[in-house]
Structures are given as structure tokens and as C-alpha cells.
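Below is one structure; the comments refer to it alone.
Bear in mind these aren't lab numbers, they're just calculated from the coordinates by the rules spelled out. These numbers come from a predicted model, not from an experiment. Neighbour counts are summed over all protein chains in view; Cβ atoms, including those assigned to glycine, are modelled from backbone coordinates with ideal geometry.
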Amino acid sequence: MTQPDIHSIPLARIDGTAASLANYAGKVLLIVNTASKCGLTKQYEGLEALYRDKKDEGLEVLGFPANNFKEQEPGSDEEIAAFCSLTYDVTFPMFGKVSVKGADAHPLYTALTSAKPDTIGTDAFRQRLVDAGIAASEPPDVLWNFEKFLISRDGKVIGRYSPSMTVDDPVIAADIEKALAG
């Protein structure tokens, strides 16, 4: 199956300016749906550390705030930007709030989940959600906040990782290194 050209999908930066992933053509991308009021929000620290460590090698971490899960991202883009800057000193690119699943899913997330319907490492996290009485999304939908998609330099979706997997997880770290080397 041919993957759609994700570089041509229109986006909005968190400051409202128009953008697309074409701005990052030729780079390795780690796309993450984020939320400010989630138990996983502390992952911003690792994402920022990874970005600072690998951006000169061609890695871009791209954050897409989403309010799809238990309304854990209720703020406006301006409030989200302030939170990210003040709380986690986020310098990686952040985009305007989007929906990552359902009928109103942003075209980027429709393309990402279509290209890579299966997620690595979700079984334990899915069970945690169920045990907490939370209805877990079914594949190919995004399971929760902080799910990660790895995009190769040529724009192909090459990895998809559980929300509970941090960027220092050996699987993610190895896949990023391989993508940067390729």
C-alpha cells in the first residue's frame, strides 16, 4: 500500500501561522500527540532532551496537542504554548490543537494511523486503561496521549509506539538512530 504524502497536509503552528511537514522534508520526524493534564505529561522532559540532543543530526520532534482523551488538553493554543514553555522549556515545534481520532480526526492523524495501524507496546497500557474503567480506543485509532509516530527522511511512517513508551526506551532509541543513519 502506498503511503500518502504527509508533507502536503496543511497544518497550523501553535501561534496560528500556516505550516506543513514540507518544512521538515529530509528530516526524521517524531510526531507526538500531547496533553498538559495527563499522567504522561512529564514525557515533555524526555521529548525536549531528545530534541536538543538530536536536532543537529536531523531529528525534529513535533508536538500536536489533542483533547481526545478525558479532556486532558482543555486549554487554548496560547495557554498550551505558555504551559509548554514555562513548565518544560519546550523548544521543539508545537502545532495547533487537533483531534487525533474519530470522525473529526485531523488529516495528518488519519494518514499516520492508516499508514501504521499497529502500535508497538500497547498491550500493558491498554490493560491499564481498562483496569481504570476507561474505554480504550481500538486500532488503528490513537490509544491515548503521547502516542508516537516515527517518520523517515523520505516521509514514510516507519514506527508507532505506545503512549507509555518514553523516548529513551531502547526500541524507540534504536529506531531513531537507524532512521537518522539511513
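Couple of notes before you dig in:
- Residue separation of I120 and K55 scaled by 0.36 nm, minus their Cα-Cα distance, works out to 21.0 nm of gained length.
- Label point distance in nm, D15-K178, each placed 7 Å from Cα along Cα→Cβ: 3.7 nm
- Paramagnetic label zone (point 7 Å from Cα along Cα-to-C-beta, D5; backbone N under 13 Å) in region 11-35: 21-23, 25
- Counting 0.36 nm for each residue step from R153 to A132 and taking away their Cα separation leaves a gain of 3.7 nm.
- Mean separation of Cα pairs under 8 Å and 6 or more residues apart, divided by the residue count, gives the chain a relative contact order of 27 percent.
- Between A111, A35, A124, the Gaussian network model of the chain with springs among Cα atoms under 10 angstrom shows the greatest mean-square fluctuation at A124.
- Under-5 Å amide H pairs with E147, H placed in peptide plane, nonlocal only: N33
- Debye, to nearest 20: dipole size of the chain, +1 on Lys, Arg Cβ, -1 on Asp, Glu Cβ: 240 debye
- Cross-link pairs K70/K97; K55/K178; K54/K148; K27/K55; K97/K156 - those with Cα-Cα distance over 19 Å: K97/K156
- Between region 10-71 and region 97-126, the alpha-carbon center distance in angstrom: 15 Å
- Matching label, Rg/Rh (Cα atoms, Kirkwood Rh) computed from the structure shown, candidates (1) 1.40; (2) 1.09; (3) 0.92: (3)
- Subtracting the Cα-Cα distance of T87 and D168 from their residue separation scaled by 0.36 nm leaves 27.1 nm.
- Of all the options K27, K70, K148, the one that moves most in a Gaussian network model of the chain with Cα springs shorter than 10 angstrom is K70.
- Most mobile of S36, S76, S99 in a GNM of the chain (Cα contacts under 10 Å): S76
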